[in-house]
Structure formats: C-alpha cells, structure tokens
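Following: one structure in structure tokens, then a few remarks.
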There are 2 protein chains.
Amino acid sequence: MQKQFLPLASAFLLAASASAQSLGSSSSSQASAAFPLYDEPYRPQYHFSPPMHFMNDPNGLVYFNGTYHLYYQYNPTQLVAGNQAWGHAVSTDLIHWQNAVPQIAIPEAITGPLAGQIFTGSAVVDSNNTSGFFTGHPGQALVAIYTLNQPTREVQNVAYSLDNGYTYTNYSGNPVLNHGNNPNFRDPKVFYYAPTNTWVMSVALPRAHQVLFYTSLNLKDWTLVSTFGPAGVEGYQWECPNLFPVPVQGTAETKWVLMVGINPGAPQGGSIDQYFVGTFDGTTFTADDTAARVMDFGKDFYAAQTYNNDPLGRTIVVGWMSNWQYTQVVPTTPWRGVYTLPRVLSVLPSQNQTQTGSLLVQTPISLNDLHDQTLFDGSAELGTGASLSVPLKGNSSFEFETTLVAQPTSGQLQQRLNIDISNSAGEKVTVGYDWSQGQVFVNRGQTKGFSNPFFTNKFSVWEANADNSIKLHVFVDRSTLEVFVDNGIQVCSTSFYMLSGPPTNLQFTAENDDVTVQSLTAYSLKSIWR
Amino acid sequence: MQKQFLPLASAFLLAASASAQSLGSSSSSQASAAFPLYDEPYRPQYHFSPPMHFMNDPNGLVYFNGTYHLYYQYNPTQLVAGNQAWGHAVSTDLIHWQNAVPQIAIPEAITGPLAGQIFTGSAVVDSNNTSGFFTGHPGQALVAIYTLNQPTREVQNVAYSLDNGYTYTNYSGNPVLNHGNNPNFRDPKVFYYAPTNTWVMSVALPRAHQVLFYTSLNLKDWTLVSTFGPAGVEGYQWECPNLFPVPVQGTAETKWVLMVGINPGAPQGGSIDQYFVGTFDGTTFTADDTAARVMDFGKDFYAAQTYNNDPLGRTIVVGWMSNWQYTQVVPTTPWRGVYTLPRVLSVLPSQNQTQTGSLLVQTPISLNDLHDQTLFDGSAELGTGASLSVPLKGNSSFEFETTLVAQPTSGQLQQRLNIDISNSAGEKVTVGYDWSQGQVFVNRGQTKGFSNPFFTNKFSVWEANADNSIKLHVFVDRSTLEVFVDNGIQVCSTSFYMLSGPPTNLQFTAENDDVTVQSLTAYSLKSIWR
C-alpha cells in the first residue's frame, strides 16, 4: 500500500464516490456537491473531522518515525454508526492533518470466524520486536490492539503494520483476549511500562463498571493482573479506559491518571469522561481518594484517548466532541464527528486541588502557527451595560484569550460579563462569568440549527479567585467551542449549530457593575484544509 | 405563645403587614394585593411554600404529639436570602399545611455575644429529658439544634421549646459546639441512636468536603467521634448532611444512608444532594463502595432533610425545590421557595442496584385524599404521530401515572413518546422517553416566564427495562414538576415558569413508531390552601 497523503481533490472524489455508492439517500452527496469538501456549513477549519460519513472515538493515537497517526472509529458508508472500521489521518505537528491513503487502515472483517466490526483500540511502537511481527521487516514496529465486535461477543485482537501504519495485518492467533464470550468487553488501551519491560492493557467491562488490567511480554499472551472499579460515576457503561502518567505541576513528580468514559449516565446527560488520580506499580492502579471527577463541564467530550510515544514525552489527549445522545442526528453533512484540539495533560499537586476538587489540567497545544489576522489586542474597562465589539471580519474560526477582572466593592460582587459569539441573524453562543455566583457559564441555546430533546443548552462550573479575576482561553471553529478556564483547570467542550451562518461578531458586555476585559487577544485562524 | 393554627385571612393580613413594614420596594405587596394569597401566578397548590418572602432549606423536621412540624430557613423581610430565622408550619398528615402562629419559631438574634442568623438545623424529641430542659414541664420534649451564623464564625446552638414547638428558648450554655471559630461549620442534623442511648449529630465542614460526627448523652456536651469525606462529588461546599436508616426493599434489613448537599459544583450546575449507602455502628459511617450518586437528575433538589420520630417509623425526606444559582431571582412573588412532596425512602438490595448504580428509592406520599376530578382513566395505543390529549379543565395542579410500552420490532427500537404539559399560548414542559436512547428526558425550555444563564433547560437519565416499558408518576403544581421513574428509582425535580398562565393540557404523542400509553390515570388535585 502507498504511504502517501491524500491530496484534497482526490479526497473529494473518493468521498463523493463512496457516498454515491453506499448511501441510500442522496442527500449527503448533494450536500457535498453544493459545497467544497471541508468548506461546508458547520465544518470546523482547524479541527480534525473526516471528509465524509460518521466518525466517533479516536483510536490508535501514536507517534512513529516523524508522524502522528490519528486512527478513528469510522462508518465509511453512512452518517450514523455502523460497519465500524479504523479511519486514518496523519500529521507532523498535531495541527495540520491529512487524510491517509488508504483512508481505512483496518477494515471491517466481513467473513470468517473473526468477522465483525473493528471497534476502539490503541497502537503501540514495538521497537524491540517483542511481538516477533517485525522479524525481517527492519524499521517497522506499529502494532494495533482493538476490539473485535461480533454479534454475540467482544474480544481483543492484535494487528501489525509493515508499512508504517497505513495498513495492518491481523495476527493469526486472534483473538488474544476473550472474556468468556462476554458481549461487552472492549476498548483496549496498551502502553509500554518501562520499569518492568511489560506491555500493560486497560480494557473495560462496561456494565460491571470495571476496568481490567492485563500485562504481556509479547502483545499476544495476556495475563489479568488487577481490576479497578466500580468507583466514581458508574453510569450505564464504562468504556474507553486510558491509564497514563502525567507530570505534577511545579514538581519533578509523576502521578498516574485513569480516564474512563461513562455512557450513558453522565451527570450532564449522555456521555462524558471521568478520571481518577493515583499511583501505578506496574500491575495495579490505586486512586489517591474516592472523589468523583469529570473532565468537562460541557456535554461534548467523550471517548478521549492519549497518544503513545510522543517524542517530547508529553501526555496528549484528544476527545471526540460529541455525545451519543444526539451525535447521529446532528445537522452536519456529508460528515458527522469532530475531535477536540490536542491537549497536553498535567495534574495539580493534591494539596493544590481546586476548591471543587479538580486536579487534571488540560493545556491546548499552541495554534500560533495558524494565526492569521489579529482581531483585537488590548484591554477595555467596561461600565455597566457597556460593550466591546470585535468584528470577526469573515473569520468564523478563531481563538481569543483574556482575563476578566471585577473591581471589588463593599458588598458582594454583582457583576456578570457576557461574551456573545453571534451571527448577523442574532443566533449566538454565550460564554460568561458571574461574580455573584463565582461561576463560569456557557449557553448554546440561542442557536437554531439543531433541535433535540437531549441537546442541553446551559453549562456552568464554580471557579473563583481571591483577586476577582478569571482567565478564559476560548477556541471557536464554526460549530465547535472549547473554553479553557484558568489555564485549563476547568474545560467546557461543546458543539453548536447556527442555522443562518457561522459567527460574525464577538461582543463583551458588562452587567450590573464595571468589568475590565484585560489583555484581550483575538486571532483568526487559518484553515488546515486549504 | 398560642399553639393554634393561623387561619388563612390572618396569614394574609400578617403577610401584607410584614411586607408593608419591611420591603423597600412595594412591588411584592402590590402583587399580594393583586392576587389572593396562595393563589398568585406560579403558586403551588399542594406543596408547601411560605405565605410571603424568601424560604430555603427545610429545618427541624420532626413529629411530636400528633403534629408534623416543618420549620424552614426564612428571611421574613425580603425576597432574597438574609436575616435568616426559622419559619414554622404544621400538619397532621404531611399533606395539609398550616402556617403556625407565630410564623417565626426561632428569630434572628439581633444583639449580644450570640447575635447572628439562625441557619439550618434539626429538631429532636427528648422524651427522657436527657437534656434536663424539661424538668418541671411534663409533656414537653422538643429540642432544636441549629447553626448560629455570625460575621466571623459558625457555631452550633441548642434551644428548647416549652410550648410544643411554637417558640424556643436558647440554652444558656450556647454555643454547644465551636470548631475553632471556623466561619464554615454548619447544618447539624441530630437523631437518637437507640442501641447506645446516644444522640448523634452530623455536621458539615463545607470547604473541606467533610461530614463530622459527634455524639452526646444530653444534647449539650458533644464529642467528635468520626469524620467522613472527601468522597463522591466534592463541589465547592458540602452542606446539610443527614444520616438515617432505611429499609432494604424486599428484606428485613436496614442500611444507613448519608445524604450531603453540594453547592455549588453540582454536576448539573449549582446545588444538588448526593448520597452514600453503607453501615453505621453508633460512631462511624462506612460507605459500602466508592460510587458517586446524586439524588435527582433535575436541578431543583437541595438541602433535603429527613423527619425525626415518624410515628410509622418511616424515613421521610423533604427537599427544597430550587437551586442557589437562580433561586433569588425566580419570578414568584410575594414569596420565593417551595418544598418537594414528602417522599418515603428505601434502598434496593445492593445486588439489585439499577444499571446506572442507583440504590435510593423515593416514594412520594399518597395524595389520594386530594384527588378531585378524574381527568383520565384508561389506556391508548398511539401510532406514529398520534396524540392523546387530556384537557386539564382548569386544573393546573394534578398528578398522572402511566406505563409506556413500545412494541418490539426486529431492529433497535426508535420510538419516542413526548408528554407535553402546555398552556394555551403554547408554552410547555415536556417529559418523555426515548427508546432508542433508553433515556427519560425532561425539557422545561419552552417556557417564557424566566430567563437566566443558569436555568438549564434539559435533563435526562438512563433507565431501561427488558420489557421495553417505563413507568412514570408525575406531579405538576403550577410551577413545580416532580417525575418519579420506575417507582422512584430515578427522580427529576424541577421548577418551571409559564408566562402566559399555568398548564391547561396534557398531551401524549408517539414519534417514529407505536407506543402504548398503558393504565394512564390523571387526577386534578385539590388545593391545600382553600
């Protein structure tokens, strides 16, 4: 197979062709004909989304030989889940993505005793050829471990690539793990634990609300070494566990974080990722406490996975920015599904946990290389009712960063600061801070592109500082919103759909008393798809 | 002091007088003049709310000598929190309530070293006169234990009543508990633990996310015996702890439940109650597991308290049906604040926990005594798009109960059943079930009486049965909605505000495929205030 990237024009043709062949309705191919690929309404410009059809969980995130590989749960034939395979995209900087050729790295297995859908899994770099797959193939090392979803059971399979990750060959001894033909046993995340020269797998028993840990010396033979859970929020199912080390901010220490997806049964409704912070000794993860912590105060952050083998040693997470409650009916076409920005993870020292108990810190990778126009650079002191308006000049993909400060008064602060991200028809998404509540809020309800009983409009989180300031770093990309509060100790990830067109204006309005919009920078961001 | 009930007319005059004397603005007394007291817009007719002004947490819930006492956190002079005192109402059946005279059982302490606001607390029946307060007062036994909120500290005070709970005298040795002048140390809930003939108090260290347990032989001298937490959802503050025994359904066993308020920092935003299930040995509560569980999937259930001394031995809980994020700005006047229906608590056997981990079961007390008109009694099979309409005949306070059943098909069920509770202007609250999601949903967003960035519109919870049925018991009372799912194993408590008038119609509509509305009964409910 070719190890080349897919040029845009080819991607368009491929996608249109796939659509024409496989979609019963022609609606999505009409849509793709009406708009250039990657420039349709709602299409994010600096986030990864597949050219066409349905995408859910990120899979097999791994760096190998200069390339970041992004595989993804993919239905290559429809706009809803089904026929799941691993799609594939590549990047050298985690910002610019190109669809790989072939677009499908691991196709659904149609026939034979191991016929089934290719569900979520991970990829590792087997540099020492512990698996033996690479004997006679110098320079090759990528192994994928995934769930084979069959009509009556889920098992774990292994596959290896002899062409740098573009195609995979299934191991002849598959499945490598079968939990008594359990129909719910999935989402293996494997990493190399150097102190014991061992591969470690976390995998979910979804309806028992448990994560099982297995170890292996060769990626083929696995031994159950510990279990974790139930704990925290149980929900209906636990999925997509990830165990990874992260630095403790301001120290030389490392902690281990176990991230687990809940679906359905998120406190906000539907699906969300939660996390536990603790220690890992090579076989057993032990949480430091019994607190329940979710990763996001929005509703669109799920099935997140961390990269293996980052050359800078970072732990980088990517989440699916949707929710199973409505992901199969959102109004995007000819594709559904988008990922968050890659975010570098760390934790606060436990004695410094936030006042609501948060420990995990998510720092978005820098998008400075995409900065185009400077839309604003300055500060503004806003009296009650005053507004600062920042026209977006036709750029509906942008980021802004600011610190909002309320001047103290004798009594309790009453200020509220609304940041309206609006289009010319008056549809808007509002991000704001209310000093009387000490809470950040997000409201995506004033949009008309999508109506659904589960599409909750308002999200909020408590976060307050002694100096009455709050720092916001916000990324907007046509239909995605990511809000990082106080350097990423609270994060809101949400989708939104404006029927009459994407945002055209950014407006800061102070209510009830003065607010200073300090050090506001706003930049339009170049498209990665042009 | 008189131990009589307050007739309605007197209550009105008292309230109007209080308003005229104390409110800076005349808006609320105008409102009370425009509408009969307890018949204003939004006024619940079979739920307790105070005649005027601001109410929050239920306090001192206790049965004594034939009377259920309901004390409540109360600002007798304003429509927002402040000047907190204990208001008082009484009932013989937990359904019909009368405002007591005096309405204030424990007033704010204005002067002296123990000046301060009277915050949340509990009441016990000291039948054996362990406190010595009742020497020479045969037949008297009520003792209140509350938090005194002072400008720089919170301490626990004790007071006793010599007139069956209508007025209280502070103990001369107050405060009985001071935690190093901690400004956040509050909400004592005391009960008698018979096996050791000991009083047990749970009280919160809010910002440490801890519950402290103290014991006493005389209600005056308290010894710290254990602590619990942090655990579960930490939020910013823990408040209003309650420890109580409940029966395990279908067994002769008893479990102990520790209920704790989170505010702010509820997963849904703002305030909510969570609970832990475990064991108690007279000094220490031990949770059976480390799962996080909240009591409600709406946003309006907080600061709940259980009754002491119920003559039938039940554990009955009452919650405040609001949220600190918006309770001080909701559009009700001349009062703010309403309580849930009393609910009898039990737990499922742990091996029978629901598939999302729920254990606590809330069973509303029967309102059969209030049944007025039968609005519907029957079943209906609804084809796709078909509706069953039940006119409310002028009754905006009603209950209905039904089992919704989807007929199985070959593939995944796609049905959705919407129950629209609407007024003639088209404002509506929707309760529904989506079989494709396996989730109950509630939408209060299609109402126009209240706009606020924290007033979230949509709530949902996963709950599915093998036979494709879902049982709903719903109580609507002009501006309150309580949804009990599958006999109370999931509950949604929400407020809603319809600008153009209360609901006039109930409509069941099937989407996507057939749904049977089975054994639907709907009754209008008589007002308890007429």
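Anything in the range B:267-299 that is closer than 15 Å to B:E234 by Cα and either among the basic types (K, R) or assigned to a strand (DSSP E or B) (or both)? List them, or say none. Residues satisfying the conditions are B:I272, B:D273, B:Q274, B:Y275, B:F276, B:A291, B:A292, B:R293, B:V294. The condition (being assigned to a loop (DSSP other than H, G, I, E, B), in contact with a helix residue (DSSP H, G or I) (Cβ under 9 Å, 6 or more places away or on another chain) and buried (at least 19 other Cβ atoms within 10 Å of the Cβ)) is satisfied by just one residue among B:T333, B:T356: B:T333. Within the range A:323-341, the set of residues being within 14 Å of chain B (Cβ to nearest Cβ) and not β-branched (V, I, T) comprises A:N323, A:W324, A:Q325, A:Y326, A:Q328. Note on the range A:410-427: residues that are away from chain B (no Cβ under 12 Å) and within 26 Å of A:T480 (Cα to Cα) amount to 7.
Considering the conditions (1) in a loop (DSSP other than H, G, I, E, B); (2) on the phi < 0 side of the Ramachandran plot; (3) crowded, with 18+ Cβ neighbours inside 10 Å, A:D467 is excluded by exactly one of them, (3). Pairs meeting the criteria (first residue in the range A:28-40 and farther than 18 Å from A:L499 by Cβ, second residue among the acidic types (D, E) and modelled with pLDDT of 60 or more, beta carbons under 8 Å, at least 6 apart or on different chains) are A:S32/A:E40. In the range B:326-352, the residues that are under 27 Å from B:A287 (Cβ atoms) form Cβ pairs under 7 Å with partners that are small (G, A, S), at six or more places apart or across chains, as follows: B:T340/B:G319; B:T340/B:S493; B:P349/B:G250. If you go through the range A:145-159 and keep only what is within 20 Å of A:N242 (Cβ to Cβ) and among the hydroxyl-bearing types (S, T, Y), you end up with A:Y146, A:T147.
Criterion applied to A:A303, A:A292 was being farther than 19 Å from A:V190 by Cβ and aliphatic (A, V, I, L, M), and the one residue passing it is A:A292.
Count, please, the residues in the range A:453-485 that happen to be more than 10 Å from chain B (Cβ to nearest Cβ) and either of a type outside the set (K, R) or free of Cβ contacts under 8 Å to residues at least 40 places away in the same chain (or both).
Narrowing the range A:453-485 to residues more than 10 Å from chain B (Cβ to nearest Cβ): A:465-485.
Next, from what is left, pick out any that are either of a type outside the set (K, R) or free of Cβ contacts under 8 Å to residues at least 40 places away in the same chain (or both): A:465-470, A:472-477, A:479-485.
Final tally of qualifying residues: 19.
Checked against (1) within 20 Å of A:P44 (Cβ to Cβ); (2) assigned to a loop (DSSP other than H, G, I, E, B), A:D513 passes all but a single condition, namely (1).
For A:S271, the conditions (1) over 21 Å from A:V225 (Cα atoms); (2) away from every other protein chain (no Cβ under 12 Å); (3) under 16 Å from the mean Cα position of the chain (by Cα); (4) of a type in the set (S, T, Y) all hold with the exception of (2).
The residue of the range A:256-267 that is surrounded by the fewest Cβ atoms within 10 Å (Cβ to Cβ), among those that are within 14 Å of another protein chain (Cβ to nearest Cβ) and aliphatic (A, V, I, L, M), is A:L258.
Just so you know, in the range B:192-209 the residues that are in contact with a Pro (Cβ under 9 Å, 6 or more places away or on another chain) and buried (at least 18 other Cβ atoms within 10 Å of the Cβ) include one that is nearest to B:T130 (Cα to Cα), and it is B:M201.
Just one of the numbered conditions (1) at negative phi; (2) modelled with pLDDT of 95 or more; (3) in contact with a strand residue (DSSP E or B) (Cβ under 9 Å, 6 or more places away or on another chain) is not true of A:D369: (3). A:S358: under 29 Å from A:N465 (Cβ atoms), in contact (Cβ under 8 Å) with a residue 40 or more places away in the chain and within 14 Å of another protein chain (Cβ to nearest Cβ), yes or no? Answer is yes for this residue.
A quick yes/no check of all residues on (1) among the basic types (K, R); (2) surrounded by fewer than 22 Cβ atoms within 10 Å (Cβ to Cβ); (3) in the same structural domain as B:L224 (by TED's automatic domain parsing):
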| residue | (1), (2), (3) |
| --- | --- |
| B:T254 | no, yes, yes |
| B:G269 | no, no, yes |
| B:I272 | no, no, yes |
| B:T279 | no, yes, yes |
| B:K299 | yes, no, yes |
| B:P311 | no, yes, yes |
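Under the condition of being of a type in the set (V, I, T) and buried (at least 23 other Cβ atoms within 10 Å of the Cβ), which residue from the range A:210-245 is farthest from the other protein chains (Cβ to nearest Cβ)? My answer is A:V211. Taking strands (runs of 3 or more DSSP E) as the structural unit, no element lying wholly within the range A:73-191 holds at least 2 residues that are without any contact (Cβ under 8 Å) to a residue 40 or more places away in the chain, buried (at least 22 other Cβ atoms within 10 Å of the Cβ) and touching a helix residue (DSSP H, G or I) at 6+ places or on another chain (Cβ under 8 Å). For the range B:351-360, a residue qualifies if it is closer than 12 Å to B:R293 by Cβ and in contact with a strand residue (DSSP E or B) (Cβ under 8 Å, 6 or more places away or on another chain), and the qualifying residues are B:T354, B:T356, B:G357, B:S358, B:L359, B:L360. Entry remark, the range A:364-418: residues being assigned to a strand (DSSP E or B), over 24 Å from A:S493 (Cα atoms) and either hydrophobic (A, V, I, L, M, F, W, C) or not assigned by TED's automatic domain parsing to the domain that holds A:D467 (or both) number 4 in total.
Let's see how each residue does on (1) more than 30 Å from B:T430 (Cβ to Cβ); (2) of a type in the set (K, R); (3) more than 21 Å from the chain's Cα centre (by Cα):
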position	(1), (2), (3)
A:I421	no, no, yes
A:A425	no, no, yes
A:T430	no, no, yes
A:W435	yes, no, yes
A:K458	no, yes, no
A:E463	yes, no, yes
A:D467	yes, no, yes
A:F484	yes, no, no
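Just to verify a result, which residue in the range A:428-452, among those that are over 25 Å from B:G235 (Cα atoms) and in a loop (DSSP other than H, G, I, E, B), is farthest from the other protein chains (Cβ to nearest Cβ)? Applying the filter and picking the extreme gives A:G449.
The values are calculated or read from the model by the stated rules, or taken from the named source; none is laboratory data. Everything numeric here is computed off the predicted structure, so don't read it as measured data. All Cβ positions, glycine included, derive from the backbone under ideal geometry; neighbour counts span all protein chains shown.
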